[in-house]
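K.L.:
Submitted below is the structure of interest, expressed as structure tokens.
The values are calculated or read from the model by the stated rules, or taken from the named source; none is laboratory data. Computed from a prediction, not measured in an experiment: that's the story for all the values here. Glycine also receives a Cβ, built like all others from the backbone with ideal geometry; neighbour counts cover every protein chain displayed. Heavy atoms of the whole protein, side chains included, go into the accessibility calculation; ligands, DNA and RNA do not. Shrake-Rupley method; radii C 1.70, N 1.55, O 1.52, S 1.80 Å.
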Amino acid sequence: MARNPTVTAAEIARLAGVGRAAVSNWRRRHPDFPAPVGGTPTSPEFDLREVEAWLRAQGKLAEVSAEERLWRQILATGDDPCETLARVGDYLLGVERGDHDRTPDPRLRAVLDEVAAHATARGAQSTFDDLWVRLQHWPGLRTNPTPEELADVMVGLADVAGGTVLDPTCGCGGLLRAAARAGCAAAYGQDLDPGLARVADRWLALHQVPGGVQVGDSLRADAYAGQTVDAVVCAPPLGMSNWGHEVLAYDPRWVYGLPPRTEPELAWVQHALAHLRIGGSAVLLMPPAAARRRAGRRIRGELLRRGALRAVIALPAGAAGRHRVPLHLWVLRRPDPEESPSPRVLLVDTTAADSDLPEVYARVRDLYRRFAADPEQPLEEPGFARTVPLIELLDEEVDLTPGVRQPDLLPVDTRQRLARHRDEFQTLVTELPRLLPAVRGEATPREAATASVAELAKSGALQVIGPFRSTAREASPSEPAAVLDDRPVLTVDDVMRGQPASGRADEQLHPGVELLPGDVVVPVTARRLIARVVAESGALLGRDLYLLRPDPAALDAWFLAGHLRSSANARHTSSISSSFRIDVRRAQVPRLPLAEQRRLGEAFRTLDAFDRAVRRAAELGAELVRMTADGLARGSIRPAAGNDVGSDNQQ
């Protein structure tokens, strides 16, 4: 029998919009606070319904979303959440197909009743999508999910649009999901874990993506033996010691050499190549050691000589989610034996990049596009990327580590860039005190009634538009028609960086909502809650952004944006503590007279300008330190009189 959903002290704090210390206080000071029902003495768990009732009676409850409640019911069944979610997928497929003869597992009846209600309100796909995302951030998940941004980069480099895709270690299907977003024609997967494989298979089925997912060990029991596809994307398990070296010694997949026992990743590389049609591409997430270990140098050499390895891209630390080491992307291509291999390989080192990940990824995609268009043409971006001749790589070590092969910045370029950065930095530092808003302390904090964004929308004080999701499916009747025009599109990256709209309409769905001055935009997924006020019209609303359009007669835009960015609202709006997914409708805004809103809004506007300047100064400062250290070490700059390292008169 299913038990009630439980919550930890940290989750209670998030429900109430307070810190964990407050929950500890309540437990000590209030004898009627619910007693623990599980967990450990250091991390107790409490009955969610009892906690909600207590918080509601105390006037402290920030209501949990219906989606969060459903997820907690799934966890409360006591079964493996992957298996439970797969059964939810079965149920949703049955509902969509009109298969009402299914008798649900009695233990899941309450869960499936909730699922049915969600599916009626939001649709089967959206219901399963939300649960799928929550599963990725569940601490007990038996795999390391690839972050969505990185998955999109991988399928983009593999050029999956319109083609068939295979992921032989698909887990819950994150890379297959990214391939579907990119417009693949069919998606196939395999995974050793039955629960993970079933979840991925149900996601594909609910989204009507042709293909499917099989259960099994792809190296030892390949479910797709003999089948070729247009692209392979894969994040293979790292450091497997028992991958089948003994039993697979004579396997026909080892075209480039038998992988040593200590090189399981090179087995996955050859498995991917074996499943590609001639000319097809594969992108694998690899450990950095695979590019340099002596045991694998012979296979690396063969991959280069035959033209199978096209690029190695070193990622920043932390870009691959739970993997904290700076992993690599290997981009491969099934070579045509009738063609001469490319004489160059693209090596990209993003480990020292000082930009946000979306900007780094955009730069990587552009570089690879340019390289793929003309592989024989030398390509060089000092300190970042270089097309390296094969003859330089085919030495005794065959070290493919991108950072080892990068050229230094030219001395003259270093001095000029250093001077420009120093001048901009000095100007910013001079301006910072002027930008800091003048404030004074209050004897007692202001207490005012609040309203959620959802309540403000119901009252007509603002409109909530979007978010419109990244998808390759047809538009539903309830969505605005797709448009393609030459107006710039505001992207999530633009909002995060505080820059003007830089995106363009493409072949995927685009809502075509024009932004107006005073609109407030909030990313759905971000590392921190960001709210930006639109300064001018002319751009279009991009995907995965909330658009809040306040009525200027009722609500000041800067007042709204400032309160959305508060720490309290960061807690209120985050639907999962570790996922950084924002539900802006839950944010709380004080009810104040318009004149007071405008006074506070002007302070928030000044604070926003200060924030932008501080972040730019930090970026410039880090770049100045790096460039100066590199220049001093190389001798391209030297300390001048008075140790004025940045002086323009250096020789």
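K.L.:
What are the ³J(HN,Hα) couplings of the stretch 124-133, residue after residue, when phi is run through the Karplus curve with 6.51, -1.76, 1.60 and θ = phi - 60°? Round to Hz, x for glycine and proline.
P.N.:
5, 4, 5, 4, 5, 4, 5, 5, 4, 4
K.L.:
Another question, if that's okay. Evaluate the stretch 202-246: find the radius of gyration of its Cα atoms, find its Kirkwood radius, and give the ratio Rg to Rh.
P.N.:
1.02
K.L.:
Let me ask something additional. What whole-number value in Å² describes the accessible area per residue of the stretch 117-191 for a 1.4 Å probe?
P.N.:
I get 30 Å² per residue for the stretch 117-191.
K.L.:
How large is the direction-averaged shadow of the alpha-carbon convex hull of the stretch 259-396, in nm²?
P.N.:
With the hull built on Cα positions only, its mean projection is 8.6 nm².
K.L.:
Right, next: What ³J(HN,Hα) values, in whole Hz, does the Karplus curve 6.51 cos²θ - 1.76 cosθ + 1.60 give for the stretch 226-231 when θ = phi - 60°, with x put for Gly and Pro?
P.N.:
For the stretch 226-231, the Karplus curve yields x, 8, 10, 10, 7, 8 Hz.
K.L.:
Still on this structure, I have one more. Carbon and sulfur together cover what percent of the accessible area of the stretch 163-251 at a 1.4 Å probe radius?
P.N.:
Summing carbon and sulfur atoms, their accessible area is 52 percent of the total for the stretch 163-251.
K.L.:
Follow-up. Between residue 381 and residue 240, what is the FRET efficiency for a Förster distance of 41 Å, r being their Cβ-Cβ separation, to the nearest 0.05?
P.N.:
Between residue 381 and residue 240 the formula returns 0.70.
K.L.:
Still on this structure: I need two numbers for the stretch 50-190: Rg to one decimal and Dmax as a whole number, Cα atoms only, in Å.
P.N.:
17.6, 57
K.L.:
Give the calculated FRET efficiency between residue 30 and residue 65 to the nearest 0.05, with a Förster radius of 30 Å applied to their Cβ-Cβ distance.
P.N.:
0.70
K.L.:
How much accessible area per residue does the stretch 239-318 have, in Å², with a 1.4 Å probe?
P.N.:
Averaged over the residues of the stretch 239-318, the accessible area is 36 Å².
K.L.:
In addition: Whose amide H sits under 5 Å from the amide H of residue 546, counting only residues 5 or more places off or on another chain, with H placed in the peptide plane?
P.N.:
522, 524
K.L.:
Related question: Keeping the other protein chains in place, figure out the carbon and sulfur percent of the accessible area of the stretch 343-402, with a 1.4 Å probe.
P.N.:
C and S atoms contribute 48 percent here.
K.L.:
Would you mind telling me the antiparallel percentage of the DSSP bridges in the stretch 261-383, rounded to 5?
P.N.:
Of all bridge pairs located within the stretch 261-383, approximately 75 percent are antiparallel.
K.L.:
Can you give the accessible area of residue 172, probe radius 1.4 Å, in Å² rounded to 10?
P.N.:
The value for residue 172 is about 10 Å².
K.L.:
Given the convex hull over the Cα atoms of the stretch 126-285, what projected area results after averaging over all orientations, in nm²?
P.N.:
Seen from a random direction, the Cα hull of the stretch 126-285 projects 8.8 nm² on average.
K.L.:
A follow-up question, please. Within 10 Å of each candidate Cβ there may be at most 16 other Cβ atoms; applying that plus a DSSP loop requirement, which trypsin sites (Lys or Arg not before Pro) in the stretch 302-368 survive?
P.N.:
Listed in order of number, the matching sites are 306, 322, 324.
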